[in-house]
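Remarks on the structure that follows.
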Amino acid sequence: MNQQTPEYVEAYIAKLVEKARVAQKYVEANYTDQKSVDELVRVAGKAIYDNAVALGQEAVAETGMGDLMGKVGKMKILSLRHWNFMKGRPSVGVIDDFSEPGVRVIAKPIGVLGSVTPSTNPVATIIGNAMMAFKTRNAIIIAPHPASAKGAVHTTQIIRDALETIGAPADLIRCIGEPSIAMTNELLKQADVNIATGGAGMVKAVYSSGKPAYGVGQGNCQAIVDEDYDNFERAAATIVANRAFDQGVPCTGEQTMHVPAGREEEMKAALRKAGAFIIEDQSVIDHIREIVFPGPMINRAVVGKNVQQLGEIFGLKVPAEAKVICFKVQAKGAEDILCKEILCPILRYTTYEKFEDAVDTAITNLENEGAGHSSSIWSKNEDRILYVANLIPVGRFHIEQPTMGSANNAIAPTVTIGCGSWGNNSISENLQYYHLMNVTRVSTELPDPIIHAEEDWDVYEMRSEWGQKVRY
C-alpha cells in the first residue's frame, strides 16, 4: 500500500471523484427517459441478486460476522424490494405535472454521492445505495470499512460490469480500494452529498463534513406484547427469528421484549419453542454482562457470533438447536448496560404489571440508546396501539411485525434508516431515491387570485407585555 500522506489521499480521492463526475454528467445528458434510467437500476440490482451466494460467502469469511443465510437473504430481498419499489416511479424530467396549481416539478441529479458502508452490512448497503443513486442519475463512490474492503471492491466491480453490459459508464460507481479514516474523510469533503450507514462516529463525520448528509441512528428496538394478545407463539417465533437473523448484526433486530407479568411463563414456553435458550441464573447473567460490556462499548469479540460461539465465550453449553440466548433484565435505561443495543443473538425481556409501565420502560430504554429507530407492538387493541404510537420516540412503529418491518408493508425499503432529531439525523424516515435528487419548481401565474383581502382573515387580538393591542 502506498504511504497515505495527505497529498496522496487528496489526489487519490480527487481522481475517483473526477471519473465519477464524468460518468454522472454523461448519464444526465443521455439518459433522459424513465425507461433507460430504470434499466440502470435493474441491471445493478439483478447482478447482486444473481451473485448473492458468492458475495455472502466472501462477506462472512472477511468480516467474521453474521452467517451466509442472513447475508444472502439481505442481498436478495433488498435488491428485489428496491427494484419493485422504484421501477416506473418518476425520477427524471417532469415528475409532477400540476398537482400543485400552476406548478410543475422537474427532477435533476445531485452529482456524486459519497457512501460510507459498515462491516456489519457490507454488500447490501452498497447495492441499496447504488440503486437509489442510479435511479436519480447520480454517481456514487463507496467508502467501505477496512474490515470489509475486499468484498466491497468485488461488489462494486460486479455492478460496474453489469452497467457496461448495457453500454452505461462503469464509473457511475467507484470504490476506495485503500480504505482508511483519512480516505473516508477526504471523500466526505469532495462528494456533493454523503450517506453514512454505520457507527455513530462515521455518522457524526458525515454531518461534520460541510456537505449535505444523510445518516442513521443507533438501533435498540423494543417489542411490547399486550397482555390481551391472543397468539404468544406467533409473537415469540417472529421475534426470535428476527433477533437471530444474520446472527443479530442488523440494527433492526428486537433487543428487549416487554411481557405481561401474569403471562411470563406462557411467553417463556413460547420462546423456548421458537428456539430461545433461556438463562435464569442471575450469576450467569452477571457474567455475560461483564463479557459483553467490559466497558461502555460492546466487546467486538461477540458481535455477529452465533449462539454456540457465544456459549463458548461465556462458558456455557448451548443446545445446537438454539437460535438466541435469552434472559430477563428488569432494570431499564441507564440502570443496566444490558438495556443497550447488543449486535449478536441475545434477546432480553422484562415484565410489567401495568401496560403503561411497559411503555415507560420501552421509552426509557430508547431515550438511553436507540431513539428514533424502530419498535413494535403485538396487540389488536387500537386504543393501546395509538397510545404507544403517540408516545414512543421512533420513526417506524410496526404492528404485529418484526421490528425490521414486514416485507409486505408499504414503508419504503432502505438500508439507511433515518432516525430524525431523536437520533441526530436529518430525516425520520427511510432514505430512498427521492431524497437524492434536486428539483426545480416551474410556476405559472394563476388566473384567479390566491391572496385575498385582509377582511377574509379571522382577526384575533392579543396584548403585548406593554398592554397595547396587537393583531396577528
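The values are calculated or read from the model by the stated rules, or taken from the named source; none is laboratory data. The structure presented is a predicted model; accordingly, all values stated were derived computationally and were not measured. As a convention, Cβ positions derive from the backbone with ideal geometry for all residues, glycine included, and neighbour counts pool all protein chains shown.
Could you say whether any residue in the stretch 420-429 is touching a Lys or Arg at 6+ places or on another chain (Cβ under 9 Å), surrounded by 15 or more Cβ atoms within 10 Å (Cβ to Cβ), closer than 23 Å to Ala244 by Cα and of a type outside the set (Gly, Ala, Ser)? Taking every residue of the stretch 420-429 in turn, none turns out to be touching a Lys or Arg at 6+ places or on another chain (Cβ under 9 Å), surrounded by 15 or more Cβ atoms within 10 Å (Cβ to Cβ), closer than 23 Å to Ala244 by Cα and of a type outside the set (Gly, Ala, Ser). Among the candidates Ala322, Ala334, which residue alone is under 18 Å from Ala244 (Cβ atoms) and among the small types (Gly, Ala, Ser)? Residue meeting the stated conditions: Ala322. Anything in the stretch 438-472 that is assigned to a strand (DSSP E or B), modelled with pLDDT of 70 or more and of a type in the set (D, E, K, R)? List them, or say none. Answer for the stretch 438-472, where residues must be assigned to a strand (DSSP E or B), modelled with pLDDT of 70 or more and of a type in the set (D, E, K, R): just Arg441. For Val41, state whether it is of a type in the set (A, V, I, L, M, F, W, C), farther than 25 Å from Thr184 by Cβ, touching a residue at least 24 places away in the same chain (Cβ under 8 Å) and in the same structural domain as Ile176 (by TED's automatic domain parsing). Yes, satisfied.
Name the one entry in Ala276, Ala269, Ala241 that is more than 15 Å from Gln330 (Cα to Cα) and in contact with a Gly (Cβ under 9 Å, 6 or more places away or on another chain). So that I can check it myself, show each step before the final result.
Numbers: Ala276 fails: in contact with a Gly (Cβ under 9 Å, 6 or more places away or on another chain); Ala269 fails: in contact with a Gly (Cβ under 9 Å, 6 or more places away or on another chain).
Result of the check over Ala276, Ala269, Ala241: Ala241.
Cβ-Cβ contacts under 8 Å between residues 6 or more apart (or on different chains), taken from a first residue in the stretch 251-267 that is farther than 13 Å from Thr361 by Cβ and among the acidic types (Asp, Glu) to a second residue that is at pLDDT 95 or above and in a helix (DSSP H, G or I), are listed as Glu254/Ile239; Glu254/Asn242; Glu254/Arg243; Glu266/Phe232.
Please pick out the residue among Gln57, Gln24 that is at pLDDT 95 or above, over 26 Å from Ile411 (Cα atoms) and either crowded, with 20+ Cβ neighbours inside 10 Å or among the β-branched types (Val, Ile, Thr) (or both). Don't jump to the end; show me each part of the working.
Values: Gln57 fails: either crowded, with 20+ Cβ neighbours inside 10 Å or among the β-branched types (Val, Ile, Thr) (or both).
Gln24 is the lone residue from the list that is at pLDDT 95 or above, over 26 Å from Ile411 (Cα atoms) and either crowded, with 20+ Cβ neighbours inside 10 Å or among the β-branched types (Val, Ile, Thr) (or both).
Listed here are the strands (runs of 3 or more DSSP E) enclosed by the stretch 291-394 that have at least 1 residues being touching a residue at least 60 places away in the same chain (Cβ under 8 Å) and either within 21 Å of the chain's Cα centre (by Cα) or at positive phi (or both): 346-352, 372-378.
Looking only at the stretch 300-350, how many residues end up being of a type in the set (Lys, Arg), buried (at least 17 other Cβ atoms within 10 Å of the Cβ) and more than 22 Å from Thr120 (Cα to Cα)? Reasoning before the result, please.
Of the residues in the stretch 300-350, the ones of a type in the set (Lys, Arg) are 300, 305, 317, 323, 328, 332, 340, 348.
Subsequent filtering for residues that are buried (at least 17 other Cβ atoms within 10 Å of the Cβ) retains 305, 323, 328, 332, 340, 348.
Filter once more, keeping what is more than 22 Å from Thr120 (Cα to Cα): 328, 332.
So the count comes out to 2.
Taking only the stretch 81-104 into account, find how many residues are surrounded by fewer than 16 Cβ atoms within 10 Å (Cβ to Cβ) and in a helix (DSSP H, G or I). The number of residues fulfilling the criteria is 1. The set of residues from the stretch 401-437 being under 19 Å from Ile377 (Cβ atoms), in contact with a His (Cβ under 9 Å, 6 or more places away or on another chain) and assigned to a loop (DSSP other than H, G, I, E, B) comprises Thr403, Met404, Gly405, Ser406, Asn409, Ile411, Cys419. Only one of the listed residues (Ala130, Ala143) is assigned to a helix (DSSP H, G or I), under 30 Å from Val303 (Cα atoms) and either out of contact with any Phe, Trp or Tyr (no Cβ under 8 Å at 6 or more places or on another chain) or not assigned by TED's automatic domain parsing to the domain that holds Ile110 (or both). That residue is Ala130.
Looking at Lys328, Lys317, can you tell me which residue is in the same structural domain as Ser283 (by TED's automatic domain parsing), modelled with pLDDT under 95 and of a type in the set (Lys, Arg)?
Numbers: Lys328 fails: modelled with pLDDT under 95.
Of Lys328, Lys317, the one residue that is in the same structural domain as Ser283 (by TED's automatic domain parsing), modelled with pLDDT under 95 and of a type in the set (Lys, Arg) is Lys317.
Among the residues of the stretch 242-294, just one is surrounded by fewer than 22 Cβ atoms within 10 Å (Cβ to Cβ) and aromatic (Phe, Trp, Tyr), namely Phe293.
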